[in-house]
Structures are given as structure tokens and as C-alpha cells.
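Each remark here refers to the structure printed beneath this line.
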Amino acid sequence: MDNSPKNTNLPEDEIDLIALAQKTGQLIKRNVWLILLGMGFGTAVGYGLFLALPSRYNTYMIARSVVSTTAEVVNITATWNEILEKKEYKLLAEKLYLNPQTVSKVFSISAEPKRIASRDIEGEEGFIIKVTLRDMSITDSLQIGIIKALQYSPYVNLRVTLKKKQLLELKAKIAQELDDLDSTKLLVQQLLISGSIRHNAFLTDPGTLYEQSMKLYEKRQEVENKLQFIDDVQVVESFVKFTEPDFPKIKEFLLLGMLSGFLLTLLLIFFREVKLI
């Protein structure tokens with residue numbers, strides 16, 4: 001007489017799962033060394049793939065341009081990226097003032113707006129240029145090439161010429177106003193010395209002349225600063241030289257290889273047990 005209620009009370013599908021788990025455990029115990037060998041082989045394969053696959057590094061630089069807008073920089077880098085996707089390295093090398101071998105180590109390039117907060121930089125609107133590289137040793141030359149390309153393009157040169165003309169005209173106007181003020185101050189000084197200022201007090205206030213003169217000097221200095229950096233792309237932060245690649249990751253490949261080796265070995269053992277191989 002069978003007095004085992006646990007078998008009669010459990011649903012049939014649960015009994016099957018328990019039996020399968022027991023058989024699987026026994027199977028693993030009997031073939032533990034084979035499974036360990038498979039996991040070791042899978043780990044070795046994962047490490048081999050890690051060494052074989054080309055490394056990719058993600059890095060970025062932050063900059064701003066006096067002439068080009070952020071939207072224009074985004075569009076320019078998008079064009080560069082299209083050239084990269086087509087592997088037209090020679091064409092892009094000409095645009096970036098680099099050799100094709102260096103450009104071939106760039107996998108992708110893009111730009112996006114970046115708010116810059118610094119008292120040393122005029123304005124707050126800048127951009128961040130992100131690149132994916134096969135070799136981090138080219139970051140310095142790549143940065144120089146990008147800056148040159150943004151500074152010396154025909155479109156930028158035209159805008160620089162027009163803006164420089166406007167600033168020079170403004171500088172000449174300020175210089176003329178300063179000359180006029182100097183003449184007025186000299187006249188007031190002569191009147192004060194001669195004692196005629198009592199009869200000509202309506203002409204001007206010396207304090208007002210001084211205040212106007214200071215404002216014009218400040219404005220002239222501002223214009224001169226703009227002229228100095230008119231064609232300049234200011235680098236806020238250079239490309240970060242990371243030492244560890246973003247792809248492939250050695251830990252991920254070792255873990256994936258070990259897991260793959262375990263599953264494949266287990267599958268082969270099951271096939272052998274049911275005599276499918």
C-alpha cells in the first residue's frame with residue numbers, strides 16, 4: 001500500500017519540474033569537471049575576442065566660437081560624421097588639416113549645445129564635441145584639426161571679415177568721440193584757468209565729461225577684445241584622455257565567455273544523455 005500523499009497532492013506539472021531539477025542536479029554532479037572545462041574554454045574564447053576586437057574610446061571637448069553659432073557647429077560636425085560613415089578619410093583629412101591615417105582612427109564625431117559658466121569667457125553659449133576613437137593617442141592632433149576647421153572655413157572667414165569691418169568702424173567712431181571729448185575737456189580747462197567759466201557755466205559739467213570719457217574708454221576696450229578673439233574658437237576643456245576603452249570591456253567578455261561555455265557544455269551533456277549525438 002502506497003502512503004505517500006506528497007505525490008498525490010502535488011499537481012502533475014510541478015512533479016515533472018521537481019523531477020527535472022533533480023535529474024539536472026545529478027547530471028551536473030556527474031559531469032562537473034567537464035562543465036568546468038567548458039567554462040574555462042569559454043572564458044579563454046571571451047578573452048581572445050576581447051584582444052581581437054578593436055578598442056573604442058569615447059571622449060569629448062568643450063569649446064565656444066565667437067563667430068559660429070552652436071547650431072552651425074552641430075551641422076558641420078554632422079557633415080563630418082557622414083563623411084566618416086562613408087569612409088572618405090582623405091576628404092575629411094583635408095577639411096581637418098590632418099593626414100588620412102589619423103582620420104581613419106576616428107569612428108564617429110558629433111556636437112551638441114553646452115551651457116558654459118565662466119567669468120573668463122564672454123557669453124554662456126558653447127558646444128561639446130563628442131568623438132569615438134580607435135586610438136586615444138590622436139586626441140591632441142584631432143583637437144587642433146577641429147579648431148582649425150571651425151576657424152578657417154570659407155563661410156566663417158566671410159563672417160569674420162564682415163564682423164571685423166563693423167568693429168573697426170565702431171572703433172573709429174569711438175576714437176572720434178574721444179577726440180571730441182578731449183577737445184571739450186581742454187576748452188573747459190582753459191576757461192577754468194582764465195576765470196571765464198562763470199560766464200560760460202552753461203557749456204558743460206566737467207564731471208559729466210569725465211564720466212562720458214570713462215564709458216567710451218571701456219567701450220573701446222571691449223571692441224578691442226572682440227577684435228582680438230574674433231576668429232578664435234576658445235577651448236574650455238580639451239579632449240579627456242581616458243585609459244580604459246568603452247568597448248570592449250574585459251569583465252563583460254570574460255563573464256559572457258564563461259556563461260556561454262557553461263551553457264554550451266550543459267547542452268552537449270544533455271544531448272549525449274538522450275543519445276542525440
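None of the figures in this text is laboratory data; all of them are computed from the coordinates on show. No experiment lies behind these values; they were computed from the predicted model shown. In this analysis, Cβ positions are derived from the backbone assuming ideal geometry, glycine residues included, and neighbour counts consider all displayed protein chains.
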### Query
Does the range 26-71 come out rounded, prolate or oblate by the C-alpha gyration tensor, with a ≥ b ≥ c the root eigenvalues, rounded set by a/c under 1.5 and, if not, prolate when a/b is larger than b/c and oblate if not?
prolate
### Task
Return the sequence-ordered ³J(HN,Hα) values of the range 96-112 in whole Hz as given by the Karplus equation 6.51 cos²θ - 1.76 cosθ + 1.60 applied to θ = phi - 60°, using x for Gly and Pro.
9, 6, 10, 8, x, 4, 5, 5, 5, 8, 9, 8, 7, 8, 7, 9, 8
#### Entry: Ranking of 223, 103 by count of other Cβ atoms within 10 Å, fewest first
223, 103
### Query
Net charge near residue 57, counting Lys/Arg +1 and Asp/Glu -1 over other residues with Cβ under 13 Å of its Cβ?
+3
### Task
Please compute the net charge surrounding residue 47, taking Lys and Arg as +1 and Asp and Glu as -1 over other residues with Cβ under 15 Å from its Cβ.
+1
### Query
Residue by residue, what Karplus-based ³J(HN,Hα) values in Hz, rounded to whole numbers, does the range 260-271 have, using 6.51, -1.76 and 1.60 with θ = phi - 60° and x for Gly and Pro?
5, x, 4, 5, 5, 5, 4, 5, 5, 5, 4, 4
## Note on the structure
Residue by residue through the range 147-158, the couplings from Karplus 6.51 cos²θ - 1.76 cosθ + 1.60 with θ = phi - 60°, in Hz, x for Gly and Pro, are 4, 4, 5, 6, 7, 10, 5, x, 5, 5, 4, 5
### Task
May I ask you to compute the full-extension gain from residue 186 to residue 240, defined as 0.36 nm times their residue separation minus their alpha-carbon distance, rounded to one decimal in nm?
13.7 nm
### Query
In nanometres, what is the gap between the two model label sites at residue 272 and residue 177, each 7 Å from Cα along Cα-to-Cβ?
9.3 nm
## Note on the structure
Expressed in nanometres to one decimal, the distance between label points 7 Å along Cα→Cβ at residue 85 and residue 166 is 3.5 nm
### Query
Order of 80, 33 from fewest to most other C-beta atoms within 10 Å?
33, 80
### Query
Among rounded, prolate and oblate, which fits the range 57-155 when a ≥ b ≥ c are the square roots of the eigenvalues of its C-alpha gyration tensor, a/c under 1.5 means rounded, and a/b larger than b/c means prolate?
prolate
